[in-house]
Amino acid sequence: MKEFPTIERSIWTSPKPVHVQFESVIAAQNLTSDHLIDLIDIPAFFERIDSPLPTDEHQISQALADSDLITTANSGYWNITNAGAILLAIHLQDFQTLKHKAARLIRYQGNSRVEIELEQTLSKGYASGFEELMNLVIDSLSKAKGLGKGSGKKKPVWPELALRELIANSLIHQDYSTPDSGPLIEIFDDRIEVVNSGIPLVNERRLVNSPPKTRNHKILSLMRQMNLAAESGCGWDRIVAEAECYGMPAPLPEINEDTTRVVMLSPRALTDMDYSTRIWSVYQHACLKFANRDHLTNGSLRQRFGIELKNSAIASRLIKEAVEAKVIAPYQAEIGRKHMRYVPIWADSNKYRFI
């Protein structure tokens, strides 16, 4: 290249390729205002942000543009961004590059995938169709033998808040750059499994109390603007806390090469949990306590699993199992076993001590 300095200089000074985030890519272009109304649910956007629908067309377009849901094209025309389409589409099938990302729900008979009772695909965008999707899920739960609302009980067997968080997470944090299909919600008699493309940007053992991280910042911000997500990184904390409140094992994230599956088991007695489920639930309890600047104790574990005081030895045995499995550690071993407090194994260092 030294023999051709002009060519060498042009290579080094040429503009570098700019990576465009998925949310900003154009999903449909050169549309009239009337065509926009046919493709995205504009009233749903204003309803979700608790704002009256403007009567002036310019104000509507400006609000959508300010949120990066649309961009200006030629004079008098508009483009819909991927963010605008994936969140507000009236029919995702109208967007060729996004139709495969529609969320699906499958309810099976029993605890296996042998027989399908119901299979449905959400045609709407994630924000405009979120409540419809949740209604489908709740309705399916009420018809699944092990996960219904329960006769004579004051609250549903399944915690709706945890379910909303889990499903919203799968919609927001999926890897949109892959050709994989959109989130899949599978309902069995004894569990729910939610699958999405991509793996968490946080280690699955540290999801509780982790700082917020996402590959889709604009979608997260818009979902938060539309009151469908929190940006504080506390979603997993809520899911674990709700699971404890409802007597369920801790939700289990399963990470494959390029997908994430979260398994939520129906409420069950401690005696119906296998070893790995017990250990994971104890560990998540320790993480949740630590996130609240507290510690796991024999008493907190009894409360978590509904163990009576006279059976405190059972809680002690659970703690012993978790310590031996190296998922929790004593906080101050010198104070004696009766008053022992425990923290997640990764918090067993001076930099994490706060009490």
From Asp294, Asp237, which residue is over 20 Å from Leu141 (Cβ atoms) and part of a helix (DSSP H, G or I)? Asp237
Close pairs (8 angstrom Cβ cut-off, 6 or more residues apart or separate chains): surrounded by 20 or more Cβ atoms within 10 Å (Cβ to Cβ) in segment 234-251, of a type in the set (Phe, Trp, Tyr) anywhere: Pro249/Trp280; Ala250/Trp280; Ala250/Tyr283
Yes or no: Asp94 surrounded by fewer than 11 Cβ atoms within 10 Å (Cβ to Cβ) and within 27 Å of the chain's Cα centre (by Cα)? no
Give me the pairs: first residue in segment 206-217 and without any contact (Cβ under 8 Å) to a residue 60 or more places away in the chain, second residue exposed (fewer than 14 other Cβ atoms within 10 Å of the Cβ), beta-carbon distance under 6 Å, and six or more apart or on different chains, which are they? Lys213/Leu201
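For segment 36-55, name all the residues that are in contact (Cβ under 8 Å) with a residue 24 or more places away in the chain and surrounded by 12 or more Cβ atoms within 10 Å (Cβ to Cβ).
Result: Leu36, Leu39, Ile40, Asp41, Ile42, Ala44, Phe45, Arg48, Ile49.
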Could you pull out the residue among Ile185, Ile219, Ile167 that is buried (at least 21 other Cβ atoms within 10 Å of the Cβ), in a strand (DSSP E or B) and under 13 Å from the mean Cα position of the chain (by Cα)? Ile185
Counting residues that are closer than 16 Å to Met223 by Cα, outside the structural domain of Asn216 (by TED's automatic domain parsing) and of a type in the set (A, V, I, L, M), which strands (runs of 3 or more DSSP E) fully inside segment 64-135 reach at least 1? 70-72
Does Pro211 count as surrounded by fewer than 18 Cβ atoms within 10 Å (Cβ to Cβ) and out of contact with any Phe, Trp or Tyr (no Cβ under 6 Å at 6 or more places or on another chain)? yes
Looking for whichever is touching a Pro at 6+ places or on another chain (Cβ under 8 Å) and either at pLDDT below 95 or outside the structural domain of Gly125 (by TED's automatic domain parsing) (or both) here; the options are Pro179, Pro200, Pro212, Pro253. Which one fits? Pro200
Matching residues, segment 243-274, being within 18 Å of Asn298 (Cα to Cα) and either assigned to a helix (DSSP H, G or I) or among the aromatic types (Phe, Trp, Tyr) (or both): Glu244, Cys245, Leu270, Thr271
Exactly one of Thr55, Thr72, Thr81 is modelled with pLDDT under 95 and either touching a strand residue (DSSP E or B) at 6+ places or on another chain (Cβ under 9 Å) or under 24 Å from Leu166 (Cα atoms) (or both), and that one is Thr72
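The values are calculated or read from the model by the stated rules, or taken from the named source; none is laboratory data. Computed from a predicted model, the values in this text were never measured in an experiment. Quick reminder, even Gly has a Cβ in these numbers, built from the backbone with ideal geometry, and neighbours come from all protein chains shown.
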